[in-house]
């Protein structure tokens, strides 16, 4: 079965406040980042055992992702996305992850609704 054709756990709209950006004012003032992620995971054992230890506890995953986004500043949302992917793949049950980092308040001079970076990473 291919990537994301089977079972997944999805977290959408995780709101974080962090100090990432290329410009000094972004790092000083901080801004919102919205994170969406889909984790490819086999949920058969969890469903059959009804045991959270057989899956990824989505509450713990959400907290870990927010903590990863909010820690030390970086320039690029691409780097933030890699950090989120590594955080999700740290769970043994995770086979792959698709991460979208939205920066809705990015310093862009023209009207826009959102800017985002999407990456897909697999367990190694």
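Side notes on the structure shown:
- Against the main long axis of the alpha-carbon atoms of the chain, helix 77-89 sits at an angle near 20°.
- The chain, helix-only ellipticity at 222 nm - DSSP H runs n ≥ 4, -39,500 (n - 2.57), divided by all residues, nearest 500: -9000 deg cm²/dmol
- Using the Cβ-Cβ distance between residue 22 and residue 48 with R0 set to 35 Å, the FRET efficiency from 1/(1 + (r/R0)^6) comes to roughly 0.15.
- Over all distinct Cα-Cα pairs of segment 47-95, the Kirkwood formula returns a hydrodynamic radius of 11.9 Å.
- With eigenvalues of the C-alpha gyration tensor scaled by 5 and rooted, the chain, Å: 30, 14, 12
All of the numbers you see were taken from the coordinates with simple rules; none came from a lab. Every value quoted in this text rests on a predicted model; they were computed, and no experiment measured them. Because the Cβ atoms are built from the backbone with ideal geometry, glycine has one as well, and the counts that use them run over all protein chains shown.
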